[in-house]
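Below: the structure, in structure tokens.
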Amino acid sequence: MRTWLTRLRLSILVVFCVGIVGTLGCTKNPPAPSPDAKVDKDAKTSPIAKAPNTKDPVVKQPDVKQPEQKQDDVKQPVTPDKGIKDPNPPEGTGKDVIAKQLDPPMPTTEFTPKDLPTIAVKDPKKKDKDKDKEPKVAPKESPKDPKAFEFKEPEFVDGKSFKEWMADAKSTDPGKREAFYKHITLFGPTKGLEVMPIIVADLSRHPKVISVDLSVRVNGIMAISTIYKMLPMIKKTPDPDLHKKVVALYKQFLNDPQVIMKIRTMQGLPLIGYAALDNIEDVIKLTEERITWEVRKEAMECLFWLAMPDGKGSGPNEIALKAFRKPLLRSKIDNAPLETSYYVRQTAVEKLTILNQLVKRFPPELRSKAVLEDPSIHVRLTVLRAIMNFEKDIEDKERPLAVKALNGHLLWEKDDILKIWTHATIMTLTDINKAHMDPITKLLRESKQITVKMQALTVIASGGVKSKKFALDDVLAITKIDPVKEKEMAPLIGSAWVALVNMHHFDPILEKLKDKEPPIRIQALELIQMAGTTSKPFCLKPVVDMIHDKDTDVAEAAIVTLEYMNAFEAIPDLESLAKNAATPVTVKEAADDAAKGLRQRQLDGKKKEKDKN
């Protein structure tokens with residue numbers, strides 16, 4: 001086993017790159033680097049990579065929180081009260097916003113839409129004439145196929161069998177029926193489909209036949225949503241009549257006076273398939289529900305899925321798009337946002353952006369003064385991220401208009417971090433240039449806030465090689481700060497070294513390979529690893545020399561670095577090291593593994609190129 005990572009963690013006090021100790025690491029079998037993994041990826045069209053705290057987004061199908069539903073959600077019924085004000089969490093300052101993960105992350109232009117789950121309801125009157133003609137061939141299943149999932153039905157859930165739980169299905173005690181709905185879905189989709197008629201029949205009694213307890217209604221609708229979510233596992237569909245009753249039930253509960261009932265219904269509505277579109281008007285109404293901002297926000301989330309293109313050539317639902325635009329409008333009386341909750345406005349911006357990205361259409365609302373000057377820092381940052389996501393897809397006529405609006409916004413914006421990201425957004429739509437990089441480097445030098453400096457370094461690093469001529473001296477100045485004497489500056493120093501890697505300025509890093517402390521040499525190698533194959537022209541020979549380092553941890557780190565670099569030129573050196581009897585065992589094994597891995601990767605690359613030609 002290799003031990004150099006363990007020693008790396010013990011050397012924090014003497015490292016030159018303290019801020020990245022927790023984020024960097026070498027593995028015995030690093031992923032195969034590719035040209036796509038370059039630090040300065042597509043620099044010609046992507047001068048700035050990401051907005052702050054932006055993750056590679058994955059837009060997921062809506063999830064239903066079941067069955068871990070807390071009883072506190074429903075024990076105190078919420079009744080309509082026109083006097084309720086919208087609770088807005090404190091927003092804090094720009095640096096507070098950056099310090100948090102903004103949720104959910106904005107998507108990239110590579111986003112692939114996932115349409116509503118399709119629940120194909122069978123028509124019992126329609127017979128399959130060709131069914132008998134088709135040869136019955138058992139489908140091939142591979143146990144290694146990650147998509148081949150078979151649900152193993154449990155014998156007991158919470159100490160009770162399915163039969164024992166079913167005894168509570170029609171109990172007059174609402175507490176027992178609530179517990180039944182919470183647990184029954186854990187028996188899986190087959191049993192869930194079996195009990196769905198019982199749940200629907202119970203909830204359908206409300207309110208005309210009997211007033212069904214709120215806890216029962218909430219957990220009942222969540223159970224139905226969960227069952228629909230699981231049906232694709234068994235490739236079964238609900239009975240058509242039952243499906244119609246479910247759709248009607250969701251429509252009824254969307255108009256329930258209880259807030260929790262509205263929210264849980266909207267969370268599950270997209271899961272029932274395209275039939276959910278029958279309720280789109282009810283969801284749109286809830287985007288303006290004044291009882292609480294939480295209902296409006298959840299309505300935005302639900303409406304997003306209902307507004308998706310149908311995959312047949314049509315774009316997003318235009319009526320839904322209007323509903324997303326409405327919260328962003330301003331009052332004609334005091335110019336205040338019509339929507340008082342910044343959470344709702346932020347959600348509206350995010351969903352409006354995604355839906356327009358699907359058809360590669362830039363929403364002009366994003367460059368409007370009303371949206372750019374939103375009173376919430378959260379919303380303004382979200383807007384900047386949204387505009388950056390249209391970097392490649394913004395129409396030619398819209399690009400100069402957006403740039404003009406952003407330049408005007410710079411005169412209004414007071415928050416330093418948002419100023420930095422406004423400059424970054426402009427450079428994303430245009431290119432790295434002195435006019436917008438100089439204000440960023442000035443804040444890097446002069447700001448007293450480390451969070452502001454960190455964001456400045458993030459933008460500089462994202463600019464890659466193009467940032468070098470504008471920011472190199474300022475970044476180098478930060479790397480010369482002593483992290484032992486100024487401990488609070490450690491994260492900033494780490495970010496500066498990362499920026500040097502992105503700018504392909506390796507000279508200071510190569511100097512660290514000569515440091516007498518092994519942990520320092522290891523971290524220098526880790527920085528080179530970050531650059532992947534792009535570091536090879538600058539660092540190949542020094543790294544090859546390091547595989548002979550007297551410290552075995554350093555030698556192993558150098559071997560791993562060669563793998564990250566796709567250093568096929570180093571295969572003979574690695575093979576020679578592996579065959580040398582004087583080589584320590586762990587280093588010998590690492591060298592042998594790396595040589596074999598690189599040679600195989602080289603052969604695969606040649607074969608791929610040959611097949612391509």
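The values are calculated or read from the model by the stated rules, or taken from the named source; none is laboratory data. Small disclaimer: the values here were computed from a predicted structure and weren't measured. Cβ placement follows ideal geometry from the backbone for every residue including glycine, while neighbour counts extend to all protein chains displayed. Areas reflect the complete protein model, heavy atoms only, side chains present, ligands, DNA and RNA absent. Shrake-Rupley method; radii C 1.70, N 1.55, O 1.52, S 1.80 Å.
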- Matching entry among Lys326, Lys332 (being open to solvent by 30 Å² or more (accessible area, probe 1.4 Å) and assigned to a loop (DSSP other than H, G, I, E, B)): Lys332
- Item | Top-ranked residue in the stretch 347-395 [being of a type in the set (A, V, I, L, M) and outside any helix (DSSP H, G or I); ranked as most open to solvent (accessible area, probe 1.4 Å)] | Val359
- Task: Considering only residues that are within 22 Å of Gly464 (Cβ to Cβ) and crowded, with 21+ Cβ neighbours inside 10 Å, look in the stretch 537-565 and name the one that is farthest from the chain's Cα centre (by Cα).
- Result: Val543
- Item | Residues (touching a Leu at 6+ places or on another chain (Cβ under 7 Å) and not small (Gly, Ala, Ser)) located in the stretch 331-348 | Leu338, Arg345
- Task: Examine the stretch 489-506 for a residue that is buried (at least 22 other Cβ atoms within 10 Å of the Cβ) and farther than 30 Å from Ile440 by Cβ, and state whether such a residue exists.
- Result: no
- May I ask you to list pairs of residues, at least six apart or on different chains, whose Cβ atoms are under 6 Å apart, with the first in the stretch 478-490 being closer than 21 Å to Thr458 by Cβ and the second being in a loop (DSSP other than H, G, I, E, B) and open to solvent by 30 Å² or more (accessible area, probe 1.4 Å)? Met489/Ile481
- Item | Search result, residues across the stretch 244-258 that are in a helix (DSSP H, G or I), surrounded by fewer than 20 Cβ atoms within 10 Å (Cβ to Cβ) and under 33 Å from the mean Cα position of the chain (by Cα) | Val247, Lys251
- Item | Given (1) more than 38 Å from the chain's Cα centre (by Cα); (2) within 23 Å of Val212 (Cα to Cα); (3) surrounded by 13 or more Cβ atoms within 10 Å (Cβ to Cβ), number of the condition Glu164 does not satisfy | (3)
- Message: Between a residue in the stretch 428-439 that is within 15 Å of Arg399 (Cβ to Cβ) and any residue that is modelled with pLDDT of 95 or more and open to solvent by 50 Å² or more (accessible area, probe 1.4 Å), which pairs come within a Cβ distance under 7 Å, given they are 6 or more apart or on different chains?
- Response: Leu429/Arg399
- Note on the structure: Being touching a Gly at 6+ places or on another chain (Cβ under 9 Å), within 27 Å of Leu444 (Cβ to Cβ) and not aromatic (Phe, Trp, Tyr) narrows Ile387, Ile377 down to just Ile377
- So, first residue under 18 Å from Tyr564 (Cα atoms) in the stretch 602-613, second residue open to solvent by less than 100 Å² (accessible area, probe 1.4 Å) and part of a helix (DSSP H, G or I), Cβ within less than 9 Å, six or more apart or across chains; the pairs are Gln602/Phe568; Gln602/Ile571; Gly605/Phe568
- Item | Listing of helices (runs of 4 or more DSSP H) fully contained in the stretch 497-571 that carry 3 or more residues being without any contact (Cβ under 8 Å) to a residue 40 or more places away in the chain and out of contact with any helix residue (DSSP H, G or I) (no Cβ under 7 Å at 6 or more places or on another chain) | 536-546
- Query: When both residues are 6+ apart or on different chains and their Cβ atoms are under 6 Å apart, which pairs have a first residue that lies in the stretch 372-386 and is free of Cβ contacts under 8 Å to residues at least 60 places away in the same chain and under 17 Å from Leu411 (Cβ atoms), and a second that is of a type in the set (A, V, I, L, M, F, W, C) and part of a helix (DSSP H, G or I)?
  - Reply: Glu373/Trp412; Arg380/Leu418; Val383/Val349; Val383/Leu366; Val383/Val371
